[in-house]
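The values are calculated or read from the model by the stated rules, or taken from the named source; none is laboratory data. Remember, predicted model here, so these are calculated numbers, not experimental data. Note that each Cβ is placed from the backbone with ideal geometry, even for glycine, and that neighbours are counted across all protein chains shown. Surface accessibility is based on the protein's heavy atoms, side chains included, excluding ligands, DNA and RNA. Shrake-Rupley method; radii C 1.70, N 1.55, O 1.52, S 1.80 Å.
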Amino acid sequence: MSNFDEYLTKNHDRFESDLFEWLRMPSIGTDSAYDKDVRQAAQWLAGKFSELDLKTELIETCGHPLVYAESPKIEGAPTVLVYGHYDVQPPDPYELWETPPFEPSVRDGNVYARGATDDKGQMITHLFGVEAYLKTKGDLPVQVKFLIEGEEESGGAGLAAFLAGEYDKDVPVKEKLAADIAVISDCSQYAPGQPAITYGLKGITYFQVNLTGPNRDLHSGSFGGTVTNPANALCKMLAALIDDDGRVQIPGFYDNVNELDQREREQFSSLGFSDEEYRNELGVKELAGEKGFTTLERRWARPTFDINGLWSGYQGEGAKTVLPAKASAKFSFRLVPDQDPHEIEASLKKMLEELCPPGIEMDFDPHHGAPGFVLSLDSPFMSAAARAIELGFGTAPVFVRSGGSIPVVNRFTEMLGIDTLLLGWGQDDDNLHSPNEKFSLEDFHRGIKSSCCLWDEIAKI
Ligand code: BES
Ligand code: ZN
């Protein structure tokens, strides 16, 4: 048994109890009623970094604080920037949780709690990975910098301002964060027992549209057929955004889409993905989406359009014959490299203005946007991470892409000129953002071991 294994075995239960202590703090970043708990979660984490003698700071921002910590610079060795987030999604609807979201509960080898996988449980594996290395081998072979934010689930304004240099003190942020590679564990493995490295993420561009028609809700009998109903208009406008083959109809939408090459198509199909199992898991009789692409291709490498929220008129029990004065929708497009969220926004706006019928006022409200990301499979950091994962999980990882978005990845590329290794220890069915979020404890420990091995593997490059 290596020194690492001995240390990991000895500290197995304490790693879990530390994680559970952190999970008990309801760090719901979007809800100001929880500001105190969010801060407590940040301080708890900063305390853990300090205990390891890392140079630690709680950086105040316009929003929730950032937790920053770094080990000493090692001359001639690479620097690794680990990013994660300590904020969690709101847990509602509460009644659908089998056990309360902020009382971690272990069932079937999983810990159930809000933030278990997204992202406290995954992020903290790197803190313990560094701890195990320091306690067994002394100094780290690379410099490790941690940047952990508290607003990932709510727009990341504090981090954006920090990256823009607004809180620079002695050292400009570009210098402070300078690194050779970033590491993020905030995504999934391919399947239980099959670890993965995620080499691509989708981008996103998110909008809200509010339509207003008559100056008040009307009786649909007395007034129907005489004015445009904003709900009817909205349905028609949204329906025009996508055709029956699942192709988005915004002019120029596909112009810059990086088409899948043969190597990637073959690689996706070598994973043996089963449409039938996927259908059963989601409880649908038929899958759908853009024609001409497999399910994995559509999930990982084709742009998509989804309405995320839609409201107008009467929502209560029974029937109410109303012609509503207003109708609204929230919707988003997941993007792939090299689609430009700004160009798509401009083209969409023009298209909706043309589609909006006379007699209806449109308020077009763009929310956030970020481009997609792909890391070359030939990067030496990929091979280093693959070796570390094989040591940690006992199985070599497969290479996957994901439909999720982690906008900071692009910021690291633009600002620091570095790539990001996405090493997800979670599973797609971990219920992130849903009730009964979970994380496999076995994978938690395997993640810690992989992290512990990663530092040597990166140092060898
Ligand atoms: N951890 C997720 C992103 C993720 C999920 C990556 C699944 C890979 C697989 C992250 O916390 C998240 O939810 N991101 C948002 C970003 C958006 C709000 C800009 C997302 O993807 O919806
Ligand atoms: Zn996350």
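Being open to solvent by 10 Å² or more (accessible area, probe 1.4 Å), away from ligand 1 (no atom under 16 Å from the Cβ) and either of a type in the set (A, V, I, L, M) or touching a strand residue (DSSP E or B) at 6+ places or on another chain (Cβ under 9 Å) (or both) narrows it down to one residue among Phe253, Phe223; which is it?
Working: Phe253 fails: open to solvent by 10 Å² or more (accessible area, probe 1.4 Å).
On inspection, the qualifying residue turns out to be Phe223.
Please tell me if Thr228 is open to solvent by 10 Å² or more (accessible area, probe 1.4 Å), over 26 Å from Arg411 (Cα atoms) and touching a Lys or Arg at 6+ places or on another chain (Cβ under 8 Å). Against the criterion (open to solvent by 10 Å² or more (accessible area, probe 1.4 Å), over 26 Å from Arg411 (Cα atoms) and touching a Lys or Arg at 6+ places or on another chain (Cβ under 8 Å)), Thr228 does not qualify. Could you figure out which of (1) touching a strand residue (DSSP E or B) at 6+ places or on another chain (Cβ under 7 Å); (2) surrounded by fewer than 18 Cβ atoms within 10 Å (Cβ to Cβ) isn't true of Pro172? If we test Pro172 against (1) touching a strand residue (DSSP E or B) at 6+ places or on another chain (Cβ under 7 Å); (2) surrounded by fewer than 18 Cβ atoms within 10 Å (Cβ to Cβ), just (1) comes out false. When we screen Val142, Val111, Val130 for residues that are open to solvent by less than 10 Å² (accessible area, probe 1.4 Å), more than 16 Å from ligand 2 (Cβ to nearest atom) and under 20 Å from Asp92 (Cα atoms), the only hit is Val111.
Within the range 82-96, the set of residues being of a type in the set (Phe, Trp, Tyr) and open to solvent by less than 20 Å² (accessible area, probe 1.4 Å) comprises Tyr83, Tyr86.
Would a scan of the range 35-45 turn up a residue that is part of a helix (DSSP H, G or I), open to solvent by less than 10 Å² (accessible area, probe 1.4 Å) and either free of Cβ contacts under 8 Å to residues at least 24 places away in the same chain or within 16 Å of ligand 1 (Cβ to nearest atom) (or both)? Yes, the range 35-45 has at least one match. So how many residues does the range 166-217 have that are assigned to a loop (DSSP other than H, G, I, E, B), more than 30 Å from Phe253 (Cβ to Cβ) and within 16 Å of ligand 2 (Cβ to nearest atom)? Of the residues in that region, 2 qualify. Exactly one residue out of Thr205, Thr198 is touching a Leu at 6+ places or on another chain (Cβ under 6 Å) and of a type in the set (Ser, Thr, Tyr), and it is Thr198.
So how many residues does the range 273-292 have that are of a type in the set (Lys, Arg) and in a helix (DSSP H, G or I)? So the answer is 1. Selection of the range 19-34 for residues being in contact with a helix residue (DSSP H, G or I) (Cβ under 8 Å, 6 or more places away or on another chain) and surrounded by fewer than 17 Cβ atoms within 10 Å (Cβ to Cβ) yields Glu21, Thr30. Exactly one condition in (1) surrounded by 19 or more Cβ atoms within 10 Å (Cβ to Cβ); (2) charged (D, E, K, R); (3) over 21 Å from the mean Cα position of the chain (by Cα); (4) within 20 Å of Leu23 (Cα to Cα) is not met by Glu70; state its number. Against the list (1) surrounded by 19 or more Cβ atoms within 10 Å (Cβ to Cβ); (2) charged (D, E, K, R); (3) over 21 Å from the mean Cα position of the chain (by Cα); (4) within 20 Å of Leu23 (Cα to Cα), Glu70 comes up short only on (4).
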